[in-house]
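Any read-out appearing in this document is the output of simple, stated calculations on the displayed coordinates, not a laboratory observation. Computed from a predicted model, the values in this text were never measured in an experiment. Counting neighbours? That spans all protein chains shown, and the Cβs are built from the backbone with ideal geometry, glycine included.
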Amino acid sequence: MNNRRSHSVRQLLMGLSMVLAGMGFIWGIVMILGGDWYKTGLKFYAGEGAGLTLSWKVDGLTMFFLFILLLGQFFSSLYGMGYLKEYEEKNKSLWPFFVTWFLFLGSMFGVLLADDGFSFLLSWEMMSVFSFFLVLYEHEDPQNRKSAYIYLVMTHVATVFLTAATMFLYVKTGSLAFEEWAKAAPGLTIFQHNLLFLAFFIGLGTKAGFVPFHIWLPYAHSAAPSPVSSLMSGVMVKVALYLFIRLVWLTLGPGPVWWGWLFLLVGAISALVGILSASVQSDLKKLLAYSTIENVGILGLAIGSAFLARSWQNTLAMELALVAFFWHTLQHMLFKSLLFMGAGNIIQATHTRNLERLGGLLKRMPKTGLAALIGMIGITALPPMGGFWGELVLFQSLWVNTLNLTSGWGKVSLPFFIGVIALVGGLSIATFVKWFGIAFLGQARSPMAQSAKEAHVVQYIAPFLVAGLAVLSVLWPSALLAMINVPLSAIRTGETVTTVSTIGKPLITASVYLIVICLLTLIIVMLSKSGARRVTATWNCGAPLTPSMQYTATGLTKPVRILFSKVLGSQRQVERDIAGKGYSLRSLSYQGRIKEFFEDLLYRPIIRWVLWLAYQIRKLQEGSIHLYLGYLLITVIVVLFLER
């Protein structure tokens with residue numbers, strides 16, 4: 001009876017989450033079609049005259065990211081309707097999940113709508129705390145508890161910087177309203193301007209997952225339940241990127257050129273570190289988490305190109321970069337949500353996240369495999385899916401910025417970032433060929449993979465719907481470009497340039513490519529079914545074919561590990577047991593390790609220093625009444641001295 005009641009509650013609450021998302025999306029479309037209000041925005045106030053005014057604003061920029069959130073909420077809730085069934089079978093209470101799920105969604109809405117410092121910090125802290133509890137939901141596993149606490153610490157480091165920036169602007173303006181901050185920004189000194197930028201960059205960059213503030217992301221995304229991973233990777237990190245546009249681009253206004261170069265440099269490093277780390281992972285979800293860092297880096301490159309173009313007054317390059325940013329934001333949300341759903345299906349079917357223990361799942365889970373294949377094509381930016389077109393527009397932005405320069409080191413440096421994106425794209429293909437090939441192709445490498453079965457019907461319908469929307473965005477790019485025009489209208493500065501229509505011409509050809517590929521695929525399938533077919537066993541020199549003869553996840557990306565060994569800090573230990581005179585090998589043990597570069601060289605020394613400092617401060621509290629009286633005497637003397 002309890003299971004039946006829990007089943008009904010699960011369907012009701014996840015269904016309610018879907019209904020709310022659908023209603024919000026329809027309301028947004030109706031509002032946009034109803035007028036041009038999104039160019040200037042609508043404001044709402046609460047508590048005015050009571051000493052503190054809470055304000056919210058909805059404009060085109062907010063509306064675009066609200067659409068991202070609503071789409072992510074709808075698909076993750078639909079997927080969760082089937083995924084959460086496993087917890088019912090384990091008699092694990094779902095109420096903590098449901099409560100924090102809705103509060104997490106509400107807090108992200110609050111961050112996107114906030115138009116003053118207090119509303120922003122309040123919603124931001126709620127988003128951090130409730131996402132922490134979602135990551136901690138499977139707290140029975142000690143590794144999950146460790147992951148959740150790392151996330152909690154890092155997200156509060158970000159909050160410290162954001163609070164400091166908010167308080168500084170409040171002192172300078174006497175107001176918490178973003179509008180007042182924007183008015184006061186031109187009057188700030190260069191030093192104050194740059195200091196505020198760095199505070200926002202560190203605070204927001206930590207939540208977004210920029211290197212070197214990224215260390216929480218592989219822990220948290222891989223530990224959280226898959227619907228939560230889908231929402232955090234697909235939506236939450238985008239909320240932090242939204243705030244770069246809201247608080248830096250629009251509020252602080254134009255800054256020095258080095259702001260753009262910093263975004264480009266950190267974006268390029270994040271993309272490279274993210275995809276290199278992903279390529280050598282054997283954990284199904286941790287690989288996807290590192291891939292999120294890679295894509296956040298690509299989005300950082302787009303922001304950097306836009307900042308540079310703004311400084312150089314290159315309107316075409318600026319709008320190309322912004323279109324690439326918004327396009328890739330949506331596409332990444334779709335593909336990464338799809339892949340985390342596929343990973344969740346695999347984990348529930350096999351009870352392992354280790355790629356080395358998977359294999360042959362395409363025969364046992366064909367629907368999950370097909371959806372994952374579409375996600376793989378999209379996330380690796382292969383044509384004709386949407387990931388390709390977003391990166392192509394980013395290429396164009398960087399190149400137009402390069403052509404605009406007559407000389408200088410910038411004209412040499414910008415093509416380097418184009419090369420970085422190309423390198424990241426190639427490594428991404430290698431990484432996801434491993435992810436898909438090792439998991440779905442070949443023979444099962446373990447009894448769990450051998451006995452795997454297709455997931456609950458809802459759990460493969462949700463990825464198929466996401467994949468369908470991703471395909472639709474390429475077949476109908478004019479609709480997506482019209483959607484992107486909504487935030488562009490809100491953030492254009494003076495010049496009214498209809499660049500989106502120009503950009504749309506090459507993008508619209510994507511639909512032609514996709515139609516041609518679909519037709520060719522259909523023809524190949526029809527031809528393959530005609531005529532006689534002979535199926536025989538794989539030839540293996542007369543010996544039986546065993547799973548141990550297949551490529552392993554470690555072996556498949558071994559060339560990447562060797563080529564980038566200095567970057568990855570690759571370490572290995574091989575132990576051999578030689579028999580007789582050394583001509584026969586009894587056993588061979590291999591253990592490989594990728595050095596956690598930023599953890600070992602940056603965070604662990606800081607942690608050791610903080611613990612040492614805490615131990616030294618602890619000595620001040622010895623429990624001696626004479627010592628405490630001495631502290632009081634010194635305090636009185638200092639106060640009297642300052643009074644003079």
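Numbers at a glance
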read-out	value
Overall form of the range 206-266 per C-alpha gyration tensor (a/c, 1.5; a/b vs b/c)	oblate
Gain in span if fully extended, Val157 to Asp36, counting 0.36 nm per residue against the direct Cα distance	39.7 nm
Residues Glu88, Glu575 arranged by fewest to most Cβ contacts within 10 Å	Glu575, Glu88
Size of electric dipole in the range 262-527: Cβ of Lys, Arg +1 and of Asp, Glu -1, about Cα centre, debye, nearest 20	580 debye
Approximate spin-label separation Leu640-Val9, in nm, with each point projected 7 Å along Cα-to-Cβ	6.5 nm
Estimated inter-spin distance, His139 and Val535, nm [label 7 Å along Cα→Cβ]	5.0 nm
Cα→Cβ-extended label distance, 7 Å offset, between Glu89 and Leu469, nm	2.8 nm
Cα centre as origin, Lys/Arg/Asp/Glu Cβ charges: the chain dipole, Debye	1960 debye
Of Lys434/Lys566; Lys285/Lys453; Lys238/Lys285; Lys90/Lys336, pairs whose Cα-Cα distance is over 26 Å	Lys90/Lys336
Estimated 222 nm signal from helices in the chain, with DSSP H stretches of n ≥ 4 weighted -39500 (n - 2.57), rounded to 500	-23500 deg cm²/dmol
Order by protection proxy (mean Cβ within 10 Å, highest first), peptides 216-229, 150-163	216-229, 150-163
Dipole of the chain, positive direction: furthest Cα of Gly106, Asn194, Phe464, with charges on the beta-carbon	Phe464
Positive-end residue of Ser6, Gln443, Thr251, charge dipole of the chain with Cβ unit charges	Gln443
Shape category assigned to the range 601-643 from the gyration tensor of Cα positions, a/c cut at 1.5	oblate
Top positive-direction residue, dipole computed over the range 119-271 with Cβ charges, set Ser229, His156, Leu169	Leu169
Shape call, the range 262-527: gyration tensor on alpha carbons, a/c limit 1.5	prolate
Volume of the Cα convex hull of the range 358-456, divided per residue and given in Å³	96 Å³
5 angstrom amide H check on Gly253, placed H, neighbours 5+ away	none
Descending semi-axes in whole angstrom, ellipsoid equivalent of the range 1-253, from the Cα gyration tensor	34, 23, 14
Identified option (computed Cα Rg over 2.2 N^0.38 Å; candidates (i) 1.51; (ii) 1.04; (iii) 0.95)	(ii)
